[in-house]
Amino acid sequence: MTRSAAWTMPGRIEVLGKHTDYGGGRVLVCAVDRGVTVRAERIDGPTGTLQASTDAYPGTLRLAAGTAPDLPAGHWGRYVHTVIERLGANFGPLPAARLTITSDLPPASGMSSSSALLTASALALADLAGLPATEAWTSQIPDRAALAGYAASIENGKTFGALAGRPGVGTSGGSLDHTGMLAGHDGMISYAEFDPMQILDQVALPEGWSFVVAVSGVLAEKTGAAQASYNRGPALLGQILERWNRATGRADASLQGALRSLVGEDLAAGLAEDEERWEPLRRLADEGAERDRLDQFLVESAVLVPRAHRALRGGDLDAFAATVAASQSLAETHLRNQVPETVALVRHAIDLGARAASAFGAGFGGSVWALVPTADADGFAAEWMDRYRASGAAPETAIALVTRPGAPGRRVGSIAG
């Protein structure tokens, strides 16, 4: 019996692939070298109960499966409670435990601190209960890609294989975050697709270059009005997919699947750039927000992400930068998930000489990455923040940090007894 278990889960950078994952589309994503560590230890108490504390906030939470916590929407304790409810429903009651959570990842920054917390909590508690050694677990979660998919399903509430869904945290996202945290390799950017879920390639960030991440200070919280705005994107794509399946008699699980039926193997090869072939799908979207949302998905997933992957694979930073700029423009004009602060940070980064820059994450706040020479990264970060603060738009919590693609989530120790 395992007496304690711990996992470290990194944050992630969505290099490209803005809001494509829940449509089954393609992304470029990597872990960062900061994250959340969750340590779980057995304690005396009823099964399905939990004591949890974090270095970010004072006090200890007491949570129990089957009892809704009296916590505000978006509170970190709701993510932990969602974990114990889902694991208990899928695999049986968990042993009573104490969770200790530490983090050096900025919260609500767009770097997926909440998904890192949820995923690390799920895996530490699963190890504590011995779940990865059971047939019920291994039959449904055979590898890291499947593990990422299951972690995403805990968060969004969807069924995963034979593991029945139940209410998640309230957001209708995909599994980009969890894939970036779990399925990559140290120093590499993952080129992934979500219908079917697969890692298509791992490509290195060119030697001598780093990401500088500017945390805008505008909290990217998926609660209240921000949650409604975030969930509107998946809802619009879902409506179009329903019309497609009714009109064609097909049963495609995602818009990526619908697009594949129109362009065939060219989609697999990343060469589906002839927009006339997409027209049967586009005709099903109403003019305005629906059409804009669909067009952003199609161009981002079928054209820009594959093009950016080819550019990175070939070391062509000019082509990569042009592709990133096109993606950022679509986020502002069609996806409409940007705020003035993230738009300004992208502009400041380019003005200061960044090779490329893009806002990333859920949107409505969060962060921007800039690609700069490693030797200049620290100086660039300071100058970038100075420029942002001088504009008068920067909240006091704005910061910049330097990173390269980091290692995926990992166990950091367990004690048997």
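The values are calculated or read from the model by the stated rules, or taken from the named source; none is laboratory data. The model shown is predicted, which means the values in this text are computed figures rather than measured ones. Glycine also receives a Cβ, built like all others from the backbone with ideal geometry; neighbour counts cover every protein chain displayed. Protein only, heavy atoms only, side chains kept; ligands, DNA and RNA dropped before computing areas. Shrake-Rupley method; radii C 1.70, N 1.55, O 1.52, S 1.80 Å.
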> Is there any pair with a first residue in region 260-283 that is among the aromatic types (Phe, Trp, Tyr) and a second that is not in a helix (DSSP H, G or I) whose Cβ atoms are under 9 Å apart and which are 6 or more apart or on different chains, and what are they?
Replying inline: 278/272
>> Name the residue that is nearest to residue 156 (Cα to Cα), counting only residues in region 81-96 that are open to solvent by 20 Å² or more (accessible area, probe 1.4 Å), assigned to a helix (DSSP H, G or I) and in contact with a Lys or Arg (Cβ under 8 Å, 6 or more places away or on another chain).
In response: 85
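Please tell me if residue 247 is of a type in the set (Gly, Ala, Ser), open to solvent by 10 Å² or more (accessible area, probe 1.4 Å), part of a helix (DSSP H, G or I) and over 19 Å from residue 18 (Cα atoms). Steps first, answer last, please.
Values: of a type in the set (Gly, Ala, Ser): yes; open to solvent by 10 Å² or more (accessible area, probe 1.4 Å): yes; part of a helix (DSSP H, G or I): yes; over 19 Å from residue 18 (Cα atoms): yes.
Yes; evaluated as a whole, the condition is true for this residue.
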> What tally of residues in region 65-80 results from selecting those that are open to solvent by less than 40 Å² (accessible area, probe 1.4 Å) and either assigned to a helix (DSSP H, G or I) or among the polar types (S, T, N, Q) (or both)?
Replying inline: 4
>> Is it the case, given these coordinates, that residue 175 is within 29 Å of residue 399 (Cα to Cα), surrounded by 21 or more Cβ atoms within 10 Å (Cβ to Cβ) and at pLDDT below 95?
In response: yes
> Within region 28-50, which residues are more than 30 Å from residue 239 (Cβ to Cβ), open to solvent by less than 20 Å² (accessible area, probe 1.4 Å) and either out of contact with any Leu (no Cβ under 7 Å at 6 or more places or on another chain) or part of a strand (DSSP E or B) (or both)?
Replying inline: 30, 31, 32, 35, 36, 38, 40, 50
> Name the residues in region 204-215 that are closer than 12 Å to residue 15 by Cα and not in a strand (DSSP E or B), would you?
Replying inline: 205
> Which ones in region 15-27 are open to solvent by 10 Å² or more (accessible area, probe 1.4 Å) and under 12 Å from residue 180 (Cα atoms)?
Replying inline: 21
> In region 194-243, which residue that is within 28 Å of residue 401 (Cα to Cα), within 19 Å of the chain's Cα centre (by Cα) and among the charged types (D, E, K, R) is modelled with the lowest pLDDT?
Replying inline: 222
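Mind telling me which of the residues 167, 142 ends up being open to solvent by 40 Å² or more (accessible area, probe 1.4 Å) and either aliphatic (A, V, I, L, M) or in contact (Cβ under 8 Å) with a residue 60 or more places away in the chain (or both)?
167
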> Any idea how many residues of region 103-136 are out of contact with any Asp or Glu (no Cβ under 6 Å at 6 or more places or on another chain), open to solvent by 20 Å² or more (accessible area, probe 1.4 Å) and in contact (Cβ under 8 Å) with a residue 40 or more places away in the chain?
Replying inline: 10
> What number of residues within region 181-199 satisfy the criterion of being touching a residue at least 40 places away in the same chain (Cβ under 8 Å) and either of a type outside the set (A, V, I, L, M, F, W, C) or open to solvent by less than 10 Å² (accessible area, probe 1.4 Å) (or both)?
Replying inline: 13
>> Within region 297-377, considering only helices (runs of 4 or more DSSP H) that don't extend past its boundaries, which have at least 1 residues that are out of contact with any Cys (no Cβ under 6 Å at 6 or more places or on another chain), buried (at least 17 other Cβ atoms within 10 Å of the Cβ) and among the aromatic types (Phe, Trp, Tyr)?
In response: 317-330
> Got at least one residue in region 402-416 being over 20 Å from the mean Cα position of the chain (by Cα), assigned to a loop (DSSP other than H, G, I, E, B) and aliphatic (A, V, I, L, M)?
Replying inline: no
>> surrounded by fewer than 14 Cβ atoms within 10 Å (Cβ to Cβ) and either at pLDDT 95 or above or within 15 Å of residue 155 (Cβ to Cβ) (or both): is that true of residue 62 in this structure?
In response: yes
